[in-house]
Amino acid sequence: MNAPFGAFEHPVVVAGGQVLTERGLERLDLVVHQGIVVELGASVDHPAGATVLDASGALVGPSFVDLHTHLREPGREQAETIETGTRAAALGGYGAVVAMPNTEPTMDTAAVVHMVLERGRNAPCEVAAAGAITVGRLGAQLAPMAELAALGVELFTDDGTGVQDGGVARRAMDYCRGLGVTYAEHCEDLAIAHGGCVHEGAWSALLGLPGQPAAAEEAMVARDLLLAATTGARLHLLHLSTAGSVELVRQAKARGVAVTAEVAPHHLSLTDASLKGYDPCFKVNPPLRPAEHLEALLDGLNDGTIDAVATDHAPHTPELKDLPFDQAPPGMLGLETAASITYEQLVAGRGATIERFFEVMATQPAKIARLDGTGARPFGHSVHGQRVAVGTTANLVVFDPEVRWTLEVDQLASKATNSPFSGARLVGKVRHCLLRGEPVVTDARSTR
Amino acid sequence: MSLGPMPQHLVSIGDLSAEGIVEVLEVAESFAEVERRAMKKVPTLKGKVVATVFFEESTRTRLSFETAAKRLSADVLSLSVASSSVKKGESLRDTVQTIEAMGIDLLIMRHGSSGAPLQASRWTEHAQVVNAGDGWHEHPSQGLLDCFTVRQAWAEQRSMAAAGTGATLFEGKQVLIVGDLAHSRVARSEVLAYTALGAEVTLAAPRTLLPANLDHWPVQVAEDFEEALGRADVVSVLRLQAERGSGECVPNLREFTSTFGLTEERMDRLKPGALVTHPGPMVRGVEISSRVADDPRCLVTTQVHNGVAVRMAILYLLLAGPRLEAAAIGQFAGAAA
Ligand SMILES: [Zn+2]
């Protein structure tokens, strides 16, 4: 077995944790060397000079993979950079993130994608790239997807907006199918949404804010599921937020449509009642919805209808969040809180297994992004999402599900502070994170 | 006069209790009395600085507030943000904090975005905030002056003084609000104010001009507008907010007028003594016919007139409540030392 590209040379021991292996959770220690798990046992010999990381009381599993990260570079480096965003990701337990293409310029050319991948090469969290479906994300002319695919791009999306023209969407899916890549959609029919900046419901009516109905999302989910069945393309639905979307995906999966779906932690934990104070930190697209949607999303995530949790980490500078609600841009930070929120809602709240937690945070997103070793890896991305075994790449997270902490936004690694959980008491936190065997986070602190 | 506890800011009618609303109406009655004198000015707010900050122009509301402040002897700063250097995109927080740094005590704010005055109230250190209309959300002083105006008219119908009647005249009254409810800040303030005072509120509009969800509104929706007119004690007619996109919500103005306009024929359906209000500016021939607008039952000019007394009451209650008394005591103590 070969050491992965950029592997950490020094040995590391992770001791005292509950380790997720093929057999389930086991109390094991492990030794990592040259980026590989080399030993696994109830007690292991500590190699000379090894760094020993305490995992007692914590879970040890594959580090997380985020399918939906807005790193903002290039173009909006005041809000986030690849450097700050990947540090935040590592602190959140992520071993890899997929950078969304709505940068300035858009990631619709090989040059821009190349630049992002190059800059992410030595980051504390691996950076994969999603490419735009259409030039400038304008929804008209197909982007040169084959050129981007040659750089290892596996996911294509115009995220920030959906492809409005059904004819363009159909052609893009056909093209994606030919390339063997995945078409990913931000589902929002703009005509139905009609400028709504919050969920259309009791709260939009009380607050006098323009709302968009759940149907704005569901109409495009339904269209894309039909087009995926028509074209045979692999479809990934980004940040689903409504009960109706969950039901549509459930039915499509039962019919055998090649669809996967993700949900964001904020849609699993916050409702539109949070909008009461008109704080733009709660403005997000798709918008926060009433509790019945939140329940349906948790059900869908638990029963496998929804495959993955994805942050939709969307940093914005404080200036932009000091605007009136309807003028402020949508988006929330997510990387440093996703694991806590997901664990609390899904495992503690919903009784899902710890295995399911790692499935939705690591294994499934790695598969969808083809960071599970099946994709082409011209930029040397390592293998993610695997349960721990001797010989696997040491992309590992040590997550303490018990620790209680308060989120102070000025202590986040992200450049921006627009977290909806500012000041919130959270349970569960990433203690250590190893990337290709290197402890990039120890005791909840970045080592870089 | 005893002063009930007043909120720090007046952003929504919901910031006031029912007693608080009555307090505003009663205090406004005494200021209306002042207005009838030759010397209309009282020294109540001498030394206080009030700023009108309008991010969206509205000459009548601004003038009404500024007249109210001047009659109370407050210093008035008039900042027309809509036409100044502040462009869409500049941080609202910066603007608000800059204005507060000019040493103002109370900020009267009009903004095209719902919630902007509430946000502003979180960003001021000491200055109090009064919402003079925000987006589709609320226009509390308008809601209060509408209640004040109809209470006065009802008292007059009974040849009694409105002062001292509290909320009694509102008990069981039927208020019918008609027109563009979805995009109306006046509608939300009226619904809250009238229902708090004990009246029952019914809404009438094409479905496209009603908020999509009325689950938490203490109102009924009229199934039959003509029938609802026959039951109404007050008809509040709202303007079609064409500039807020309501034009596309109806096929054309003629159809809107023929289905929900207050025409002369519909005026004939009103029961004796029923009143009509309109927050202005009216679009004659669309939501209200010209003859109806000039009908003595239509109180629109009285509303404009009463606006000053009601806004005096709001400024007085917010600025001269217990907070001011504490400050005054401090001043005297300082003078003694
Ligand atoms: Zn999106």
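Each value in this text was obtained by applying a stated rule to the coordinates, not by laboratory testing. These figures come from a predicted structure and were not determined experimentally. With ideal geometry, Cβ positions are generated from the backbone for all residues, glycine too; neighbour counts draw on all protein chains shown.
Data for the structure
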{"read-out": "Globularity index of chain A, i.e. its alpha-carbon radius of gyration over 2.2 N^0.38 Å", "value": "0.92"}
{"read-out": "Within 10 Å of each Cβ in A:198-206, the average number of Cβ atoms from other chains", "value": "5"}
{"read-out": "Euclidean distance between Cα centres, region A:238-296 to region A:385-406, Å", "value": "27"}
{"read-out": "Reach of B:Lys46 by Cα under 16 Å, taken over lysines that are not fewer than 8 positions away in the same chain", "value": "B:Lys70"}
{"read-out": "Simple spin-label estimate for A:Glu22 and A:Asp303 in nanometres, 7 Å along Cα-Cβ", "value": "3.1"}
{"read-out": "Sorted by Cβ neighbour density within 10 Å, fewest at the top, the residues A:Val263, A:Val97", "value": "A:Val263, A:Val97"}
{"read-out": "Residue list for region B:276-297, given a label point 7 angstrom along the Cα-to-Cβ vector of B:Thr59 and an amide N cut-off under 15 Å", "value": "B:281-282"}
{"read-out": "Kirkwood hydrodynamic radius (C-alpha pairs) into Stokes-Einstein, region A:1-111, 20 °C and 1.002 mPa s, D in µm²/s", "value": "131"}
{"read-out": "Calculated FRET value between B:Val42 and A:Ala348, using beta carbons and R₀ = 51 Å, to 0.05", "value": "0.25"}
{"read-out": "Computed FRET value (nearest 0.05) for A:Asp45 with A:Glu118, which takes r as the C-beta separation and R₀ as 35 Å", "value": "0.35"}
{"read-out": "Sparsely packed trypsin sites (Lys or Arg not before Pro) within region B:85-161, loop by DSSP, other Cβ within 10 Å at most 15", "value": "B:Lys87, B:Lys88, B:Arg158"}
{"read-out": "Violating pairs (Cα-Cα greater than 18 angstrom) within the set A:Lys367/A:Lys415; A:Lys283/A:Lys429; A:Lys283/A:Lys321; A:Lys321/A:Lys415", "value": "A:Lys367/A:Lys415; A:Lys283/A:Lys429"}
{"read-out": "Region A:305-348-region A:88-105 distance, computed between alpha-carbon centres (Å)", "value": "13"}
{"read-out": "Net charge over other residues, Cβ less than 13 angstrom from the Cβ of B:Leu210 (K, R count +1; D, E count -1)", "value": "-2"}
{"read-out": "Proximal aspartates and glutamates to B:Lys41, defined as alpha-carbon separation beneath 12 angstrom and excluding residues fewer than eight positions away on the same chain", "value": "B:Glu33"}
{"read-out": "10 Å Cβ shell holding at most 13 others, DSSP loop, GluC sites (Glu not before Pro): longest site-free stretch of chain B", "value": "B:224-337"}
{"read-out": "For region B:212-313, with +1 on Lys and Arg beta carbons and -1 on Asp and Glu, the positive-most of B:Gly247, B:His305, B:Ala232 along the dipole", "value": "B:His305"}
{"read-out": "Shielding by partners - mean other protein chain Cβ count within 10 Å, residues of B:212-221", "value": "4"}
{"read-out": "Order of B:Leu192, A:Leu435, A:Leu30, B:Leu77 under a 10 Å beta carbon neighbour criterion, fewest first", "value": "B:Leu77, B:Leu192, A:Leu30, A:Leu435"}
{"read-out": "Among beta bridges that DSSP assigns inside chain A, antiparallel share in %, nearest 5", "value": "50"}
{"read-out": "Theoretical gain in end-to-end length, B:Ala161 to B:His126 [0.36 nm per residue, Cα-Cα removed]", "value": "8.8 nm"}
{"read-out": "Amide H contacts of A:Val19 (H built 1.01 Å from N, under 5 Å, at least 5 apart or other chain)", "value": "A:Glu26, A:Arg27, A:Leu28, A:Val60"}
{"read-out": "Euclidean distance of C-alpha centroids, region A:359-373 and region B:221-270, integer Å", "value": "57"}
{"read-out": "For the protein assembly as shown, fraction of C-alpha pairs farther apart than 43 Å, in %", "value": "40"}
{"read-out": "Loop sites in region A:308-354: GluC sites (Glu not before Pro), DSSP, at most 12 other Cβ within 10 Å", "value": "none"}
{"read-out": "Antiparallel %, DSSP beta bridges [both residues in the protein assembly as shown], to 5", "value": "35"}
